[in-house]
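The values are calculated or read from the model by the stated rules, or taken from the named source; none is laboratory data. Just so you know, these numbers come straight off a predicted model, no measurement behind them. Cβ placement follows ideal geometry from the backbone for every residue including glycine, while neighbour counts extend to all protein chains displayed. When the accessible area is computed, the model is the full protein with side chains, heavy atoms only, and any ligands, DNA or RNA have been set aside. Shrake-Rupley method; radii C 1.70, N 1.55, O 1.52, S 1.80 Å.
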Amino acid sequence: MNRLDRREFVASLTAAVPDALIVSGLGSASYDLFAAGHRPGNFYLWGAMGAAAPLALGLALAQPDRSVVAVTGDGEQLMGIGSLGTIAAARPANLTVVVLDNGHFGETGMQQSHTSLGTDLVAVAQGFGISDAFVGTDVAAVAERVLARRGPTFAHVPITTDEPPRALPPRDGVAVKNDFRAALELPTF
Amino acid sequence: MMARMSPAPPLWQEKIFEVLRKGGVEQIAYVPDAGHSHVIREAHSDPGIHGVVLTTEEEGVAVVAGAWLGGQRAVLLMQSSGVGNCVNMFSLLEMCRFPFLTLVTMRGEYAEFNPWQGPMGRATQRAFELMGITVVRVDDPDEVEDTVSAALDNVFEAGERVAVLLGQKLIGRKKWER
Ligand SMILES: Cc1ncc(C[n+]2csc(CCOP(=O)(O)OP(=O)(O)O)c2C)c(N)n1
Ligand SMILES: [Mg+2]
């Protein structure tokens, strides 16, 4: 399998979809997104494992005219695996879930995860009813889907087990939330 | 799909949907419970509302947070047994101070027949409180509308996190024979 560099992939994807709203799963995915350059349309999770995809779903339903992307790891997505069924049922055309799959729980010491022990996430996503689920090694193909908003889409991105230096996004969730809403011209509450 | 003929819903359930709709709620995420039937049905038939069926309640905590991040009001409907499924996910609400409204039908109390509902039912209120969520409770059908409407104001006007427990007596005895 052709495994990509996670930082390069996320940096090229975010550059190709500058107006997308992006939610990142805890740990490495949040570091990758922040390393690609902070923007107020980014929402970084530092916990709530399993939240990336369903949080992006609520956001996508609320913002149907914006492209919404969840970028997360295999471990994080596995914990929220049922949310792929929830997304399939809700059918948000503007939502793309991107799973950076290194086959391991990298953040906790690189223990093997289910995806290197037999689980095929593309088949899982398709089985849940996301028919546009594919191996997204071509950044341009993923970016095209994000911009086209004819999803929901699931992109499985095999990445190497390399662990680039941590790039730590802000940990103040309230501030990140307020910046994000401000970027959508929404008041704090 | 089979449409099951259902008798008219209890008035308190109709009032709940009215309060949510008039309160500007645009997403209703749920794992079903009989006591939420009417609201779930209406959520799916109202063109201004997204009904979001979940596989587990914790997804709903994240959906509601995402909705609010994108400028929509959302609520989570569940039964008391689902509250335990959400515990770690509740940290999202406190960390980002998301407004959060959940309506919970209680099991494991009034005339309960299924003992498996007991442990989580008895821990429901404390589980919310452990995670910093304010609990209000209603057992009188005449007070449901006001209680839910007041909770909705607390959440969306004051930015709080509130769970409304709908006592099992509201739902009444479950018929086990069929
Ligand atoms: C509920 C919960 N269980 C366990 C953890 C510990 N934990 C943090 S990150 C992580 C694994 C993340 O793996 P993955 O999403 O694949 O990210 P990557 O491999 O890119 O680091 C785990 C198990 C946690 N934060 N929360
Ligand atoms: Mg991983």
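Overview of values
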read-out: Buried on assembly, the range A:29-69 (at least 30 Å² less accessible surface than by itself, 1.4 Å probe); value: A:F43, A:A48, A:P54, A:L55, A:G58, A:L61, A:A62
read-out: Gaussian network model of chain B, Cα within-10 Å springs - most flexible of B:W116, B:W68, B:W12; value: B:W116
read-out: A:A93 paired with B:N114, simple spin-label distance in nm, labels 7 Å along Cα-to-beta-carbon; value: 3.9
read-out: Helix-only mean residue ellipticity at 222 nm for chain A, each DSSP H run of n ≥ 4 adding -39500 (n - 2.57), per residue, nearest 500; value: -11000 deg cm²/dmol
read-out: Axial C-alpha extent at least 15 Å, average Kyte-Doolittle at least -0.5 - helices from chain B (DSSP); value: B:11-22, B:57-69, B:144-156
read-out: Candidates A:R145, A:R171, A:R66: whichever shows maximal mean-square fluctuation once chain A is modelled as a Gaussian network with Cα springs under 10 Å; value: A:R171
read-out: Dipole magnitude (debye, nearest 20) for the range A:6-183, charges at Cβ of Lys, Arg, Asp, Glu; value: 500
read-out: Selection from A:Q111, A:A88, A:L59, by position along the positive dipole direction of the range A:6-183 (Cβ); value: A:L59
read-out: Relative contact order (%) - the range B:11-170, alpha-carbon pairs under 8 angstrom, separation at least six; value: 24
read-out: Net length gained if the chain between B:R97 and B:A123 were fully extended (0.36 nm per residue, minus Cα distance); value: 7.0 nm
read-out: Percent breakdown of C-alpha pair distances by 5 Å bin, ordered from the shortest bin, for the range B:112-153; value: 5, 20, 18, 19, 23, 13, 3, 0
read-out: Rounded accessible area of A:K177 (nearest 10 Å², 1.4 Å probe); value: 10
read-out: Cβ-based net charge around B:P47, under 12 Å, with every Lys or Arg adding one and every Asp or Glu removing one; value: -2
read-out: Charged-residue dipole, Cβ positions (Lys, Arg, Asp, Glu), chain B about Cα centre, Debye nearest 20; value: 500
read-out: Cut-off 13 Å between beta-carbons: net charge of the residues surrounding A:A62, Lys and Arg +1, Asp and Glu -1; value: +1
read-out: Label point distance in nm, A:R3-B:K175, each placed 7 Å from Cα along Cα→Cβ; value: 5.9
read-out: Fraction of accessible area attributable to carbon and sulfur, the protein assembly as shown (%, probe 1.4 Å); value: 52
read-out: Among A:G118, A:G103, A:G129, residue whose mean-square fluctuation peaks in a GNM of chain A (springs only between Cα atoms under 10 Å); value: A:G118
read-out: For chain A, with +1 on Lys and Arg beta carbons and -1 on Asp and Glu, the positive-most of A:A20, A:F9, A:F134 along the dipole; value: A:A20
read-out: Alpha-carbon centroids, the range A:40-82 and the range B:86-150: separation in whole Å; value: 25
read-out: The range B:21-66 and the range A:88-161: distance between their alpha carbon centers, rounded to Å; value: 26
read-out: Cα-based convex hull, the protein assembly as shown, per residue volume (Å³, whole number); value: 141
read-out: Dipole moment magnitude, nearest 20 debye, the protein assembly as shown about Cα centre, only Lys, Arg, Asp, Glu C-beta charged; value: 400
read-out: Calculated log₁₀ intensity ratio I(q)/I(0) where the Debye formula runs over C-alpha points of the range B:96-178, q = 0.21, 0.27 Å⁻¹; value: -0.97, -1.28
read-out: Accessible solvent surface per residue of the range B:35-132, calculated while the other protein chains remain in place, 1.4 angstrom probe, Å²; value: 37
